[in-house]
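Written out below as structure tokens is the structure these notes cover.
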Amino acid sequence: PQKTSFHRSHTLDYKNGYAFSRLPREGIGGDQIYPNQLSQTELDDLCTRGPMLTYGPAKKAAPPSFIPAYVIFDKKVLKFDAYFKEEVSISPEEHYRIRQVGIYYYLEDDSMCIIEPAVKNSGLIQGKLMKRHRVPKNNQGDYYHWKDLNLGINITIYGRTYRIVNCDSFTKMFLESEGIVVNPPEELVSDPYTELRQMPVQKPIVPSAPEPFRQFLIYDPKVLRFYAIWDDTNHPFGDQHRCIIHYFLADDTVEVREVYRRNDGRDPFPILMKRQRLPKTFVDKKMSFPSCVLEITNEEVLEWYSPKDFAIGKTITLLGRTFLIYDCDKFTQNYYREKFGITDFQPLEINKKPLVKIPQVIPPYNGFGVPEDSLQNCLSLFPKPPRKDIIKMLENNLKVLRYQVALESPVPADRNRRFILSYFLSDDTISIYEPPVQNSGIRGGKYLKRTRVAKPGSTPEDPIYYEPSDFTIGSTIEVFGHRFVIIDADEYVLNYLERNAESFPAATLQSLRAHFLPRHAVKETVNNDIPKKDLDNLIEEVQKELKLHHKYLNTRKFHEEFHHNDKDDSGIMDKGKFLGLCERLDVPISTILLKKLIDYCSCGEDKINYRDFLRAFPT
């Protein structure tokens, strides 16, 4: 493969006008030809024709199988080390930059790629600078081939010139096997600015005074420890903080650490003051000197804290905080005993100040919700519903005192409105309901939902609520600015007050008795000679007859008309008016059973108890 001369000797010639051939005097490239050597044609005849006379024609060997180039050169890559120079125009410290790259040539498809090794914190976009593809060599459409690559040459790719300085062993062997003389390798140039950055910075060595250095060598591992307390109870949410003060004898610095107890509710940041020299006395400052400085030097400080300023029982102020030293460790005691001759190291007793209980001030009621419910927001962070009297609720469950009230209003249309006031004995709440009246122009229904009602004149801090003793016939009840007059009550109210007469004033009970006295007298005269059992049997027979023959009757309308015409709600009505209403409402009073029922319900000759009569017409 190292042979470079391949010329042949002259074998064709003319003599006397005739062309003839002669044997070569030299071999290819000037090699010596040995005498009596057969020519290649004679050798071929000897190899092929000689045995053919004896053994017949020889069989030709099969041609070798074809192997494509991409199989032969699969995963075979030529790797060259190169660099290029990049100009830097925005930095005063460097004018150009040397960037080292690797050029990879893939033999299987003659493609190339350029990769720059990544350097940490370089600030450059490194890695693959050129993706793998066939690189054009010139404008005539030629591409770079491995024959164009060698050491010590410059190649230009897309306007950037690369200097190839070295290659790996495989690349060198491949080029030499293909007859290419590989140039000697060159030294890879480094970036001058990178080398400058890697050089250690020489710091000026300032010789220290001999006294601090001697102090450091003697007292380096020795630290004075004092136990102190920082009383911060004068501030809001302040407390007594137990701290440890470390005084480092090596450089006269002080460190303060806070002692934390388990479950004390504080964040675990033990260092209260970092290690530093603490000034004791400042120099008198000028008026023009700023009050806030970033660093305190010896020019601003007249005296620094020293070991003689620390002792048991002393109070020292460090950076605005006052500490009381109450004890120290054994090493500190020995140091003070040898250095200052102090022998009294009796620790102080620290008594924790008793907590002063601040009385709780309840803010005034803001008008939202029930006062008892709103008060819970002032008693706990997570308010709970106010506690109820369970025994009272169980004893008075479903016990309701009902009163009929009239609205006291200057508006004439509101004077005839009637309401049902219900007092619930289980929780002392009041609800007001207005029965709907047809063609009145006022929509009835719930007027006041169930709630506790305070008396007029009571304060939100000490409210006084209405009780059953306040409801007498003719009394006025003020409910959230509206005045109601009690005009009637259920008989259950009277019965309940009589059963519990010792719990209510006599005036309330007497008012109800006087109101129900005429009504009881009428009932006694009506039902004196009629047994209640006979009346109930008659009502049942009337109801059976009505179900069989008079299903069309609107019993709800009967009740509404009779109650509407009874202005005083006594249950007694004129007999003539009663018969007129029955005729207008198509009540079949001509039947024998209804006539008998009218006789049973009559109160004398001109009165009738229509409530007993309406029992035969259930709604």
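The values are calculated or read from the model by the stated rules, or taken from the named source; none is laboratory data. From a predicted model like this one, the values you see are computed outputs, not experimental measurements. So basically every Cβ, Gly included, is an ideal-geometry build from the backbone, and we count neighbours across all protein chains shown. In case anyone asks, the SASA skips ligands and DNA or RNA and just uses the protein heavy atoms, side chains included. Shrake-Rupley method; radii C 1.70, N 1.55, O 1.52, S 1.80 Å.
Taking the stated definitions as given, is L579 open to solvent by less than 90 Å² (accessible area, probe 1.4 Å) and at pLDDT below 80?
no
Quick check: anything in the stretch 235-255 assigned to a loop (DSSP other than H, G, I, E, B), at positive phi and within 54 Å of the chain's Cα centre (by Cα)?
Yes: one or more hits.
From the list I592, I572, which one is open to solvent by 40 Å² or more (accessible area, probe 1.4 Å), at pLDDT 80 or above and either assigned by the TED database to the domain that holds F419 or not basic (K, R) (or both)?
The unique qualifying residue is I572.
Show me the strands (runs of 3 or more DSSP E) entirely contained within the stretch 423-494 in which 2 or more residues are assigned by the TED database to the domain that holds Q510, closer than 27 Å to L509 by Cα and of a type in the set (V, I, T).
429-434, 476-479, 482-489
Which residues, counting only those in the stretch 302-316, are open to solvent by 70 Å² or more (accessible area, probe 1.4 Å) and not in a helix (DSSP H, G or I)?
L302, K314, T315
Which ones in the stretch 327-370 are touching a Lys or Arg at 6+ places or on another chain (Cβ under 9 Å) and closer than 24 Å to R452 by Cα?
Residue satisfying the conditions is V370 alone.
What is the one condition in (1) at pLDDT below 90; (2) open to solvent by less than 40 Å² (accessible area, probe 1.4 Å) that N298 does not satisfy?
(2)
Scan the stretch 111-125 and give yes if some residue there is open to solvent by less than 60 Å² (accessible area, probe 1.4 Å), on the phi < 0 side of the Ramachandran plot, of a type in the set (D, E, K, R) and not in a strand (DSSP E or B), otherwise no.
no
So is I391 part of a helix (DSSP H, G or I) and either open to solvent by 50 Å² or more (accessible area, probe 1.4 Å) or not charged (D, E, K, R) (or both) or not?
yes
Checking the conditions here, which among Y465, Y447 is surrounded by 16 or more Cβ atoms within 10 Å (Cβ to Cβ) and of a type in the set (S, T, Y)?
Checking each option against the conditions leaves just Y447.
If you go through the stretch 261-284 one residue at a time, do you hit one that is under 19 Å from K339 (Cβ atoms) and assigned to a loop (DSSP other than H, G, I, E, B)?
Checked against the condition, which is being under 19 Å from K339 (Cβ atoms) and assigned to a loop (DSSP other than H, G, I, E, B), the stretch 261-284 yields no hits at all.
Can you say whether E258 is touching a residue at least 12 places away in the same chain (Cβ under 8 Å), open to solvent by less than 100 Å² (accessible area, probe 1.4 Å) and among the acidic types (D, E), as far as the supplied structure shows?
yes
Do we find a residue being over 51 Å from the mean Cα position of the chain (by Cα) and open to solvent by less than 60 Å² (accessible area, probe 1.4 Å) anywhere in the stretch 84-95?
Checked the stretch 84-95: at least one residue is over 51 Å from the mean Cα position of the chain (by Cα) and open to solvent by less than 60 Å² (accessible area, probe 1.4 Å).
Search the stretch 161-198 for residues being surrounded by 13 or more Cβ atoms within 10 Å (Cβ to Cβ) and of a type in the set (F, W, Y), and hand back the single one that is farthest from K3 (Cα to Cα).
Out of the qualifying residues, it is Y193.
With the requirement that a residue be touching a residue at least 40 places away in the same chain (Cβ under 8 Å) and open to solvent by less than 60 Å² (accessible area, probe 1.4 Å), what does the stretch 317-346 give you?
Within the stretch 317-346, L318, F323, L324, I325, Y326, D327, C328, D329, T332, Y335 meet the criteria.
Looking at I442, is it open to solvent by 40 Å² or more (accessible area, probe 1.4 Å) and aliphatic (A, V, I, L, M)?
Considered against the rule, which asks whether it is open to solvent by 40 Å² or more (accessible area, probe 1.4 Å) and aliphatic (A, V, I, L, M), I442 comes out as yes.
Can you find even one residue in the stretch 347-368 that is under 30 Å from T332 (Cα atoms) and either open to solvent by less than 70 Å² (accessible area, probe 1.4 Å) or touching a His at 6+ places or on another chain (Cβ under 8 Å) (or both)?
Looking through the stretch 347-368, at least one residue is under 30 Å from T332 (Cα atoms) and either open to solvent by less than 70 Å² (accessible area, probe 1.4 Å) or touching a His at 6+ places or on another chain (Cβ under 8 Å) (or both).
Could you tell me whether N397 is touching a residue at least 24 places away in the same chain (Cβ under 8 Å) and either of a type in the set (S, T, N, Q) or outside any loop (DSSP other than H, G, I, E, B) (or both)?
So N397 passes the test.
Could you go through the stretch 215-228 and let me know if any residue there is free of Cβ contacts under 8 Å to residues at least 12 places away in the same chain, open to solvent by 30 Å² or more (accessible area, probe 1.4 Å), in the same structural domain as N334 (by the TED database) and of a type in the set (D, E).
So far as the stretch 215-228 goes, no, none of its residues is free of Cβ contacts under 8 Å to residues at least 12 places away in the same chain, open to solvent by 30 Å² or more (accessible area, probe 1.4 Å), in the same structural domain as N334 (by the TED database) and of a type in the set (D, E).
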